[in-house]
1. Taking R0 as 22 Å, what's the FRET efficiency between Ala228 and Ala31 from their Cβ-Cβ distance, rounded to 0.05?
2. Quick one: if you stick a label point 7 Å off each Cα along the C-beta vector at Tyr203 and Leu239, how many nm between them?
3. How much FRET efficiency would the formula 1/(1 + (r/R0)^6) give for Arg266 and Thr194, where r is the Cβ-Cβ distance and R0 is 25 Å, rounded to 0.05?
4. Please give, to one decimal in nm, the separation of the simple spin-label points placed at Glu221 and Ala251, each 7 Å out from Cα toward the Cβ.
5. Which ³J(HN,Hα) values, rounded to whole Hz and listed in residue order, are derived for region 245-253 from phi using the Karplus coefficients 6.51, -1.76 and 1.60 in 6.51 cos²θ - 1.76 cosθ + 1.60 with θ = phi - 60°, glycine and proline given as x?
6. Multiply the residue separation of Leu140 and Ala259 by 0.36 nm, subtract the distance between their alpha-carbon atoms, and state the gained length in nm to one decimal.
7. What are the ³J(HN,Hα) values, in whole Hz, obtained from phi via the Karplus relation 6.51 cos²θ - 1.76 cosθ + 1.60 with θ = phi - 60°, for each residue of region 29-35 in sequence order, with x given for Gly and Pro?
8. If packing is taken as the mean number of other Cβ atoms within 10 Å per residue, what is the order of 113-121, 88-96, highest first?
Amino acid sequence: MTAAPRKPAQPQSRPVRLGRRSIAALGLVSAVGVVAFGWPLLAGPNSGFGEHAQDAPWLFAALLPLLLAVVVATIADVGLDAKAIAMLGVLAAAGAALRPLGAGTAGIEPMFFLMVLSGRVLGPGFGFVLGAVSMFASALLTGGVGPWMPFQMLSMGWVCMGAGLLPGPDTLRGRRELWLLAAYGSVASVLYGTVMNLQGWPYLGELATGVSYVPGAPLVENLGRFIAYCLATSLGWDLPRAVVTVLLSLALGPAVLKALRRATRRAAFEAPVTFEAPKP
């Protein structure tokens with residue numbers, strides 16, 4: 001007696017797919033974000049760096065419309081129906097509510113595991129939008145609105161988008177998928193803190209000589225100072241954040257992934273809408 005062949009996994013429904021315009025918008029906002037984060041490392045000694053320390057509000061004004069442009073481009077590509085908007089609102093609210101639970105104490109931020117799992121199930125396009133909107137909502141909830149907020153939105157958008165780009169979204173299941181997501185979540189948690197350090201480190205001029213930013217110094221020298229700064233300051237927050245993300249992903253991952261996949265199947269985001277003529 002032979003066992004019945006296993007049915008192949010059904011392709012995962014994507015409430016926000018990546019079209020050409022949304023890919024272009026994501027590429028543009030990511031490029032601007034990379035420049036915004038990293039330009040001090042390439043600034044010359046005569047660039048008037050100190051004069052730009054107050055430019056954060058202008059950068060905020062420039063980045064926020066670009067983040068909104070991703071949503072607009074996505075709607076123009078494939079449409080964002082009421083079901084996708086409702087799921088975006090629910091998950092963003094859940095992420096915003098989870099963030100204050102740890103209040104950033106010792107890096108305990110439980111929202112990361114939910115963002116990673118949501119990006120995995122719902123895809124890179126939805127993931128980027130979800131990460132950015134969740135950070136925006138949590139900033140409003142906690143009163144953390146400031147020039148750092150667009151950087152947080154970009155960084156969390158990248159975290160969620162990366163989860164949606166992990167291999168095997170339609171075939172990889174079980175413990176292997178959980179360990180993949182846990183490993184990605186741990187790395188992303190540390191990288192998030194490292195990237196966010198770039199937002200404020202160049203403007204902290206009162207640091208010790210060995211870790212302070214030196215305008216116009218060679219790139220390799222400033223990178224060495226930046227690494228020393230991360231090791232001396234934020235690593236104590238980044239590593240606990242990674243540990244919490246791994247533990248929550250392994251403990252709650254199966255239930256959360258199952259719920260998210262059931263919700264996407266029932267919502268049938270990609271199902272065509274048809275209208276039938278009324279019966280006489």
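FYI, it's all coordinate maths here, none of it is from the lab. Remember, predicted model here, so these are calculated numbers, not experimental data. Reconstructed Cβ throughout: ideal geometry from the backbone, glycine too, with neighbour counts over all protein chains shown.
1. Details: r = 28 Å, r/R0 = 1.27.
Efficiency at R0 = 22 Å is approximately 0.20.
2. Taking the two extended label points, one gets 2.9 nm.
3. With a Förster radius of 25 Å, E is 0.05.
4. 4.8
5. Here the 3J(HN,Hα) series is 5, 5, 4, 5, 5, 6, 7, 9, x Hz.
6. Details: separation 119, 0.36 × 119 = 42.84 nm, distance 2.73 nm.
Difference between extended and current length: 40.1 nm.
7. Using θ = phi - 60°, the values come out as 5, 5, 5, 5, x, 4, 5 Hz.
8. Descending packing order for the listed peptides: 113-121, 88-96.
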